[in-house]
Each structure stands twice: as structure tokens, then as C-alpha cells.
1. Net charge near Met25: determine it from the other residues with C-beta under 9 Å of the C-beta of Met25, scoring Lys and Arg +1 and Asp and Glu -1.
2. Ordered by packing density, taken as the mean number of other Cβ atoms within 10 Å over each peptide's residues, highest first, how do 64-72, 141-149 rank?
3. What relative contact order, as a whole-number percentage, does segment 60-200 give when Cα pairs under 8 Å and 6 or more residues apart are counted?
4. Mind listing the phi-derived Karplus ³J(HN,Hα) values for segment 5-17, rounded to whole Hz, using 6.51, -1.76 and 1.60 with θ = phi - 60°, and x for any glycine or proline?
5. Quick one: dipole size for segment 102-204, taken about the Cα centre, charges +1 on Lys/Arg Cβ and -1 on Asp/Glu Cβ, in debye to the nearest 20.
6. Within the set of other residues whose C-beta is less than 15 Å from the C-beta of Leu152, count the net charge using Lys and Arg as +1 and Asp and Glu as -1.
7. Below 13 angstrom from the Cβ of Leu65, what's the summed charge of the other residues (Lys, Arg +1; Asp, Glu -1)?
8. Restricting to lysine pairs 8 or more places apart or on different chains, what number in segment 60-200 have Cα atoms under 14 Å apart?
Amino acid sequence: MKTKDENTEDHILNAAENVFQRKGMDGARMQEIADEAGINKAMLHYYYRSKRFLFEAVFTKAFSLIAPEINRVLNEDTGLFQKIENFTHSYITFMQKHPYLPNFVIQELNRDADFIKVLQAKKGFPDFRKFQAQVEKEVQDGTIKPIKAEQLFIHLLSLNIFPFLAAPLIKGFLKIDDSEYKHLMEERKEEITGILINYIQVKE
């Protein structure tokens, strides 16, 4: 009986990731993935018997890169303002290393919204409750302006995610190259932190 080789499986996942990034789930073909991996289609089907199973493995791998990082920052024992700064710095640094992830994750979640339920069941999925309790306490103590934790979290995600989702558009509008864009994203770390803290901070 054949046994699956871990290196071959990783090689297939990397090849499939490249194809899914280019074509999406619907546009990708198993033969194209096999060609990218340098194996025959029968070997590909031995490891993943359908495109759906292969896609779920690739998507779960991609999501697992970012979800634990978000969860770590949301649940660390720091003040709210420091948490906003840490989240922004950590997210932008991470996305500069994996720029394809936001488009890949959001595009496919929009295509199959129910897949979020599969992800929610996995270890490391972001737990919002500690952040929510922290925001509610800060509002109650009068240290920040009244705001729902859900709204603040959406602001935090939106300001961080959009520049990576719209990178080609931003580069086109501003007429900047990749190097200038990267520098702009570094500046965004302080910009986003300042915007959000100034927005919620109670001024004396």
C-alpha cells in the first residue's frame, strides 16, 4: 500500500496555492495544478481526490498563517491603545511578507460564505471576546469615547486590510512603484494608530 510523502504533499499545496491565486477556485483545473507541481494527474488525485478537498487544504493553510497572529494580538495583556498599535504594526509587517493573502481569503469567503464555519472550528481562530470586554470597560471607565467594540474592530480591520486589497489601484492612482508602496505601508503603521487613538481618546 502506498504511503503519502509529506514533502510531496507540501509541494502540491504550494503549486495549488499559486494556481488558486491566479485563477480562483472555479477557474483552476486539476491538470494545471499537476503541471505546476511537476507530477501527473493520477498522483495529484492520490493525494487530493477532488479540487474541493485540495482547495480547502490550501485555503486553510493560508488562513492559518494570519488567524493566529490576529488572535495573539487581540488577547495579549496590553492596554487598548497599545493593542491598536501592536495589531497595526503586526498586521502590516505580516502582510508585506504575504501580500496575496487578503485578496485570496476575502475573494473565496465571498464565493463560499459557509466556509467560515469550517475555519471557526479550527484551533487559533481569532477570539474577539477579550477585546470586546476591554473596549466596554474603557468606555464605562470614561477613558475612551462611547463606541461599540464591534465598530472599533471593523475600523481596525478596514484601515489595515484595504491598502493590501487595493494595492494595484493605489499604485496606479499615486503613480508609485513597489518600493514606494512598501515605504508608504511602513508609514501607514503610525498613520492608522494615530487615526484610531485620536478618534476614541477622551481629550482633557
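Just so it is clear, none of the values below were taken in a lab; they were calculated from the coordinates. All values reported here derive from a predicted model rather than from experimental measurement. We place every Cβ from the backbone using ideal geometry, glycine too, and count neighbours over all the protein chains shown.
1. Values: positive: Lys23, Lys51, Arg52, Arg111; negative: Asp26, Glu108, Asp112.
Net charge around Met25: +1.
2. By packing density, highest mean first, the sequence is 64-72, 141-149.
3. Numbers: 95 pairs, mean separation 48.8, N = 141.
About 35 percent, as a whole number.
4. 3J(HN,Hα) across segment 5-17, in whole Hz: 8, 5, 5, 5, 5, 4, 5, 5, 4, 5, 5, 5, 4.
5. Dipole size: approximately 280 debye.
6. Computed value for this residue: +2.
7. Taking every other residue near Leu65 into account, the sum is +2.
8. So the count of such lysine pairs works out to 9.
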